[in-house]
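The values are calculated or read from the model by the stated rules, or taken from the named source; none is laboratory data. Every value quoted in this text rests on a predicted model; they were computed, and no experiment measured them. We place every Cβ from the backbone using ideal geometry, glycine too, and count neighbours over all the protein chains shown. For the accessible areas, the whole protein counts, side chains as well, though only heavy atoms, and no ligand, DNA or RNA atoms are used. Shrake-Rupley method; radii C 1.70, N 1.55, O 1.52, S 1.80 Å.
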Amino acid sequence: MTFSITFHDPQSKARTGTLTTDHGTIQTPIFMPVGTAGTVKAVHQRELETDINAEIILGNTYHLYLRPGLDVLQQAGGLHAFNGWQRPILTDSGGYQVYSLSNTRKIKEEGVTFKSHIDGSKHTFTPEGVMDIQRTIGADIIMAFDECTPYPCEYDYARQSMEMTHRWLDRCITRFDETEGRYGYRQTLFPIVQGSTYANLRRQSAEVIASKEREGNAIGGLAVGEPAEEMYTTIELVNSILPVDKPRYLMGVGTPANILEAIALGVDMFDCVMPTRNARHGLLFTTQGIMNMKNEKWSRDFTPIDPDLGGYASTFYSKAYLRHLFKAEELLGAQIASLHNLTFYLWLVRQARVHIAAGDFIAWKNGIVSRLMQRL
């Protein structure tokens, strides 16, 4: 993988860049739709490519390991061949899913033992095993195995967890470097900064991660309940330490406002389930604000969902029709809404790139954030 910066914003840490993998080139800042179990929910691959123009999507190690399983993925030729997506893929290591299974898992130095949410069967993830699993899945960018601490979190627990994450990282790097991809293309390993919201721990973790000199780095353990200002303070601190010439991936974030503020702080890559999860509940992000499509006010609004956004779903279907689909519990409602929300998120980062290149990103961001986050 290679990464080159193309423009720096003169009034912030925002930058545009080009990230190149064996499955294609990604323009940053970028939002990555989440395809947890090998699919971005309710969206066809053709729509991802032609309507949304997603440049990279995510898969998840925990879910793909359990179902369809590694034997199926390997026989298919990896996730790209299995789901038909030929652009880049990033896989989350499963650390966050293990974190969310707090009642059914045990964390030890060796790794994590957990029970499957599907059938209750017992499994163990080790740093080495997670590298092997992600090699088999075949993503272009794979994540180190880490522990995501909750918020709030006691200082001693955050410190011990961070130190174990660093030890796990060394094991991940060793295993990754002594193995090769299974399908004839190169893979890249990103370490993850942890340390909760404690400044000295985040500083220490960022220094350790930077010292590993991998092709890119990630910031984990945020957007887990902490106030937005604490998240921004942590991002600013970490990005002051992580290498400027390598991509920075903020995991699991977030709202349109979160993304724009993090771009201003020097983040290059984002993912979040918010656009698709909210879409399935009728909550739409638009260029004018946030709409709840189940509200009566849209029942006779025959104007397009978002005529200023562009894209098929947003300009072809009316607000009234989409509201009808949700009230009738038709599956098409979730499909249209998901397609729209992902189109919006990709539009948002493309607009950010345009304004960074033009040198007016901060003025544009400050002018648009309140509008995007208002309830219509």
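Listing for the model above:
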quantity	calculated
Quarter of the Cα convex hull surface for the range 179-239, i.e. its orientation-mean projected area (nm²)	5.1 nm²
Separation in nanometres of the label points that stand 7 Å from Cα toward Cβ, at GLU236 and ASP156	3.2 nm
Per residue, in Å², the accessible surface of the range 334-375 once ligands and nucleic acids are set aside, probe 1.4 Å	36 Å²
Solution diffusion estimate, µm²/s, Stokes-Einstein, the chain, Kirkwood Rh from C-alpha pairs, 20 °C, viscosity 1.002 mPa s	101 µm²/s
Links that overshoot a 21 Å alpha carbon limit, given the list LYS13/LYS365; LYS122/LYS212; LYS115/LYS212; LYS41/LYS297	LYS122/LYS212; LYS115/LYS212; LYS41/LYS297
Contour excess over end-to-end distance, with Cα ends at ASN292 and ASP22 and 0.36 nm allotted per residue	93.2 nm
Residue-wise HN-Hα coupling along the range 223-228, computed from phi with Karplus coefficients 6.51, -1.76, 1.60 (Hz; x: Gly, Pro)	6, 10, x, 6, x, 4
Hz values of 3J(HN,Hα) by residue in the range 152-168 - Karplus curve (6.51, -1.76, 1.60), Gly and Pro given as x	x, 9, 4, 4, 4, 5, 4, 5, 5, 5, 4, 5, 5, 4, 5, 5, 4
The range 300-355-the range 55-77 distance, computed between alpha-carbon centres (Å)	29 Å
Extension gain (nm, one decimal) between THR124 and ALA357, 0.36 nm per residue minus Cα-Cα	79.3 nm
Residue-normalised accessible area of the range 1-123, given per residue in Å² at a 1.4 Å probe	46 Å²
Accessible surface of the chain, 1.4 Å probe, proportion on carbon and sulfur as whole %	49 percent
GluC sites (Glu not before Pro) restricted to the range 264-337 and DSSP loop, no more than 14 other C-beta within 10 Å	GLU329, GLU330
Per-residue ³J(HN,Hα) for the range 12-25, Karplus 6.51 cos²θ - 1.76 cosθ + 1.60, θ = phi - 60°, Hz, x for Gly and Pro	7, 8, 4, 8, 10, x, 10, 10, 10, 10, 5, 9, x, 9
DSSP loop trypsin sites (Lys or Arg not before Pro) with at most 10 other Cβ within 10 Å: longest gap in the chain	109-299
